[in-house]
1. Could you list all residues from the stretch 12-28 that are over 23 Å from ILE61 (Cα atoms), at pLDDT below 90 and exposed (fewer than 14 other Cβ atoms within 10 Å of the Cβ)?
2. Please go through the stretch 41-64 and give me each residue that is under 19 Å from ILE11 (Cβ atoms) and touching a Gly at 6+ places or on another chain (Cβ under 8 Å), ordered by number.
3. Those residues that are touching a residue at least 24 places away in the same chain (Cβ under 8 Å) and of a type outside the set (Phe, Trp, Tyr), I need them from the stretch 1-16; list them, please.
4. Please pick out the residue among LEU70, LEU65, LEU34 that is in contact with a Ser or Thr (Cβ under 9 Å, 6 or more places away or on another chain) and without any contact (Cβ under 8 Å) to a residue 24 or more places away in the chain.
Amino acid sequence: MDKVFIYIATILTIIIIIPFIRVLKGPTIFDRLLGAGAIGTKTIVIICLIGFVVGRIDMFIDIALTYAILNFIGTIAMAKYFDFKGIQDE
């Protein structure tokens, strides 16, 4: 069963490339923020899968929740910063 979790984590790691390209080449700032949020969400799932493989899911759930809170606060802070800064879409 551990091999299944490792395969899923590997596939998710490969899937992270798509939003990473959006972060690099996004036409607007907000597209880049959405890409960063998607990367954070997939990273949370990978952290939980690692917890299943290691056998300490209780510890890794705490780490994933902390990462999720930091990801959410960071995304909201960056969105408000760029919105108040007056950066306009072209």
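The values are calculated or read from the model by the stated rules, or taken from the named source; none is laboratory data. These numbers were taken from a predicted model, which means no experiment stands behind them. A quick note on method: Cβ atoms are made from the backbone with ideal geometry, for glycine too, and the neighbour counts reach across all protein chains shown.
1. PRO27, THR28
2. Of everything in the stretch 41-64, those that are under 19 Å from ILE11 (Cβ atoms) and touching a Gly at 6+ places or on another chain (Cβ under 8 Å) turn out to be PHE60, ALA64.
3. Hits for the stretch 1-16 are ASP2, ILE6, ILE8, ALA9, LEU12, THR13, ILE15, ILE16.
4. LEU34
So that you can scan it fast, the table gives a plain yes or no per residue for (1) surrounded by fewer than 13 Cβ atoms within 10 Å (Cβ to Cβ); (2) at pLDDT 90 or above:
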| residue | (1), (2) |
| --- | --- |
| ASP2 | yes, no |
| THR10 | yes, no |
| PHE30 | no, no |
| GLY35 | no, yes |
| CYS48 | no, yes |
| GLY51 | no, yes |
| LEU70 | yes, yes |
| ILE76 | yes, no |
